[in-house]
Amino acid sequence: MSLANGVTGNGEFKLPQCWKDNPVMQVQFAMFRSRHLSTEDYDAKMKFWKELIANYLRFCGRPVFSLRDLQLQFMRGEQLPACLDTVISEMQQRKLIRSRAEFEYDPANSWSGWLVNSLVKRPLSWSWLKIKHSVVAEDLEAASTAEWIHLDVLNSTCDLIMKKVLPENSGKLLHFDAFRSVCKSQQIRIQSDKDLCVCLISLNVRQIVGLEFKTEKGLRQIHLVKIPKKHGEDLNISQEDHAVHNLQNTQAQLLKQLENLEEDIRVNDDKARQYLKENKRQMAKTYLRKRHLLEKNHERRSIALHNIESLLSSVDEAQNSGVVLDAYKIGSNTLKKVLSDSGLKYDNVDEVLADVRDTLDQHREVQDVMSSSVAEGVSQDEDQLEKELRELCGETANPASPSPISLINNNDRPEVVITDEEVIAMLQSLEVEDGTMSQSSVKSMQIGL
């Protein structure tokens, strides 16, 4: 049997389509028969009610409920569902719900720990059947008004708060009423303050928000909600947090007062103009004097607001400077640890560099020795080759020692000797342009030669 999950056109919870089918709903509203008689019908009916209850509570944003609330909500005409006590007992056994009193007493306790605590430390049975068959009439009334927490609905509501409220208000300290207003502005449906309280307690157990409680009229209530800037930040509300919160409240109050004063000044101006048009100058002067007083009051509050905003800005700057200083400290300690682990100290580095210099000096000496030996061997080879060449040419005289350049240059050619007559004949055979050397110049050169 399918259940409709949604809203109607007027924003109300939409009941399943079978809700108007009287024969079907007569069966659904009747008490459960023993499961061994018809397992399939028993399980189908149980599934119907568990899904209907979960959808209704999730739609209303209502993790906290009681048997009486469900009976009144699902009443058809004058008929109340007689099977919901068995449904609640089944949901408790399946760990889908938890007693509100138990949750608020120990919200961080797991289900396994809760069962041990219930069965060992406090051996009072939480079985709904025992409560239902109690001989004391008051127990039946207490059982119908006992409040339970639907854990799936609680988790889904907390997820909505984490998604829509916390990111936009990180680093703030909010009053409970202010937090409720923020949830409402984000269109998060939460039925009542007790539903919001259990959501905040759950978020506090998860280390997501910090809480401060106060006691009024014998009731312990949530007073302040701290939303950290980042995960892992200290959630305890300190005196500094209270001081900043008071400054922010004062700032908001001054802004509201300035808005009211500006409205009063505008009203007095309008009345002064109206009386001036009616030629009632004394009344107009009266409202002008009142406007002057309001303007002075507005100026004083503006100065006070400026001072408050300066203080808040200084606090924020100091916090940011503290974050930067902490980053410096972390970086310095990290660098020290890296240097210590890697052995990078002044003495070690200086010793290593000295060893490097010595090694390089030894390398250069080795290279010098090897190059000089090679050069000497090359010189001896060149001398031997020159000697053999002279023997081949038939030279007997020992020439002068060759220069270092001749040792390297193997392409030296024999010297060519040209006589004077050959030079003159070569010059005469050259063709020269007019205006160059004349025959007389040539003869003079011959005479000189």
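Sorted on the mean count of surrounding Cβ atoms within 10 Å across their residues, most packed first, peptides 39-45, 82-88, 358-364, 288-294 read 82-88, 288-294, 39-45, 358-364. Ranked by the mean number of other Cβ atoms within 10 Å of their residues, highest first, the peptides 240-253, 323-336 come out as 240-253, 323-336.
When the C-alpha to C-alpha distance is required to be over 32 Å, the pairs from Lys230/Lys337; Lys95/Lys163; Lys214/Lys329; Lys230/Lys336 that qualify are Lys214/Lys329. With N as its number of residues, region 180-233 has a Cα radius of gyration that, divided by 2.2 N^0.38 Å, comes to 1.20.
Multiplying the residue separation of Val205 and Leu37 by 0.36 nm and subtracting their alpha-carbon distance yields 56.1 nm. Residues Arg281, Arg390, ordered by accessible area of protein heavy atoms at a 1.4 angstrom probe radius and largest first, appear as Arg281, Arg390. Taking Rh as the Kirkwood radius, which is the inverse of the mean 1/r over Cα pairs, what is the Rg/Rh value for region 242-333? Here the Rg-to-Rh quotient is 1.37.
Other residues whose C-beta falls under 13 angstrom from the C-beta of Lys345 contribute a net charge of -3, scoring Lys and Arg +1 and Asp and Glu -1. Taking amide H as placed 1.01 Å from N in the peptide plane, Trp148 has its amide H under 5 Å from the amide H of Phe65, Ser66, Arg100, each at least 5 places away in sequence or on another chain. Restricting the calculation to Cα atoms, region 283-373 yields a radius of gyration followed by a Dmax of 36.2, 122 Å. Here's the list of lysines a cross-link from Lys277 could span, going by alpha-carbon distance under 27 Å and ignoring same-chain residues fewer than 8 apart: Lys285, Lys290, Lys296. The per residue volume of the convex hull around the alpha-carbon atoms of region 222-261 is 84 Å³.
The values are calculated or read from the model by the stated rules, or taken from the named source; none is laboratory data. Treat the numbers as computed from the prediction; the structure is a model and nothing was measured. All Cβ positions, glycine included, derive from the backbone under ideal geometry; neighbour counts span all protein chains shown. For the accessible areas, the whole protein counts, side chains as well, though only heavy atoms, and no ligand, DNA or RNA atoms are used. Shrake-Rupley method; radii C 1.70, N 1.55, O 1.52, S 1.80 Å.
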